[in-house]
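Where a number appears in this text, it was derived from the coordinates with a stated rule and is not lab data. Since the structure is predicted, the reported quantities are computational estimates derived from the model, not experimental observations. Here the Cβ is made from the backbone with ideal geometry for all residues, glycine too, and neighbour counts use every protein chain on show.
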Amino acid sequence: MVEKVDGGRILMVLSFSLFCCMMGVGVISPVLPLYAVKLGASGTLLGLIFSAFSVSRMGCTLFSGSLADRFNRKKLMVFGLSIYTISSLAYLFVDSAWHMVAIRFFNGMGSAFVVPVAMSIGSDVVTPGEEGHFFGSLQMALFSGIGAGPLVSGLLTDWLGVQAPFLVMTAMTMVALLGIFLFLPSGIRSSVVDIEEGEMAAYRFLLSDGILLRVYAFQFATALGRGAMLMFVPLLATEMGMSFMEIGAILSAVSISTALCQKTSGELADRYPKNRLVLIGGAASALTMFALPHLGSFPLLLMGGLAFGLGSGMGSPSAASMASIRGKGFGSGRTMGLYNISFGLGMILGPLLAGYLRDMAVLSSPFVPIGCVLLAVTYLFLRDSEFVSLEIKPCGDGLCSRNR
């Protein structure tokens, strides 16, 4: 059973550590594609550098999600943050684009034991009926860190050089590691532990659930757009003659605007139909993607980043809370693990698609086709009647086939 713990304290510890860890990730976003190009990376290899992180995270999350339902979650997070910190140091010694691919792979491995495990902890300690508030607050810290990173990166790179953001990344991941090690209570475990039918059977049941499948598709489509923006916007802005600080401000706008509306949209998710908030947020993000190719100046790109972030922030707490409620009967580790894998898949394919289209000159940008994908996925949340009942009673074997 889940150990009796203070949910408010857990939220504070997880939020602080995720902010530090994600700021470490975000601080290298503006310089990473430009640094890779200087090392000789083509468009496709540039996409691979970005995608290596998500490929590794996706594969390892399959294991970390299952482990989070069986073992000490604090130790899993300490393990992940340790790998993260060590691999962050390696950026200072890179001398080829392929070395960056390897480093990003290990960064992703560490990440698989941080964010998904933190979200599974939240799923098991949150008070029923307050899922939107809890995950809105948790994701506010996460996106605040991602958003603050590029802004800090732009200032540091303009003043101190291209290696400064990598030093900050290492320092911030170390702070996150200390926060978890010193302040996160031990013994937080899932209420669903024993599994008689095997891990693959558990994941098959998760992927056959209609509501969870919609949530995962929304996560994928949103990340597809975010991943393409992270790679393509710095290149587009550089061609327009923008400074590192301006590039950092645009990338920061995406995540900071997402973060700022998380708490409000999370509270709305606890009061109103969650699918409607996903519908509104997804449609707003898709329309922004359609407009991005026509934004040819810093103020316009900044407004585009803000609009996409607000749309994403409107829907993400509702999506996370739906996954948390629906997934209790399957095991929160596996459920939130797949939630993060869906995001990882989008972050893999977004940069790869952007890089491929850049090399092949198929389109001026990938934003329009990705906007179409996001709009189509958003349509799946249109019918209120399909989202009336979200709860599934936990089963003794960790699977819920007989409740479905």
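Starting with the fewest neighbours, write out VAL373, VAL117 ranked by other beta-carbon atoms found within 10 Å of each beta-carbon. Going from sparsest to densest Cβ surroundings: VAL373, VAL117.
Sorted on the mean count of surrounding Cβ atoms within 10 Å across their residues, most packed first, peptides 296-304, 18-26 read 18-26, 296-304.
Decide, for segment 297-348, between rounded, prolate and oblate: order the square roots of the alpha carbon gyration tensor eigenvalues as a ≥ b ≥ c, take rounded if a/c falls under 1.5, and otherwise choose prolate if a/b is larger than b/c, else oblate. Taking the square roots of the gyration eigenvalues as a ≥ b ≥ c, segment 297-348 is oblate. In the structure shown, the pairs LYS74/LYS274; LYS75/LYS263; LYS274/LYS328 are assessed against 25 Å; a Cα-Cα span above that value is assigned to LYS74/LYS274; LYS75/LYS263. The alpha carbon radius of gyration of the chain, expressed as a multiple of 2.2 N^0.38 Å, is 0.92. A simple packing score, the average count of other Cβ atoms within 10 Å per residue, orders the peptides 103-111, 170-178, 340-348, 378-386 as 340-348, 103-111, 170-178, 378-386, with the highest score first. Computed over the chain with a Gaussian network model linking Cα atoms closer than 10 Å, the most mobile of LYS38, LYS328, LYS263 is LYS38. Among SER316, LEU357, MET22, pick out the residue whose Cα is farthest towards the positive end of the charge dipole of the chain, where Lys and Arg carry +1 and Asp and Glu carry -1 on C-beta, about the Cα centre. The Cα lying farthest towards the positive end belongs to SER316. Along the axis of the charge dipole computed for the chain (Cβ charges of +1 for Lys and Arg, -1 for Asp and Glu, origin at the Cα centre), the listed residues PHE290, GLY40, LEU207 are led at the positive end by LEU207.
Would you work out which of VAL125, LEU230, PHE106 lies farthest towards the positive end of the dipole of segment 106-235? Charges go on Cβ: Lys and Arg +1, Asp and Glu -1. Most positive-ward Cα: LEU230.
Any idea what the dipole of the chain comes to, in debye rounded to 20, about its Cα centre with Lys/Arg Cβ at +1 and Asp/Glu Cβ at -1?
Using only the charged Cβ atoms, the result is roughly 300 debye.
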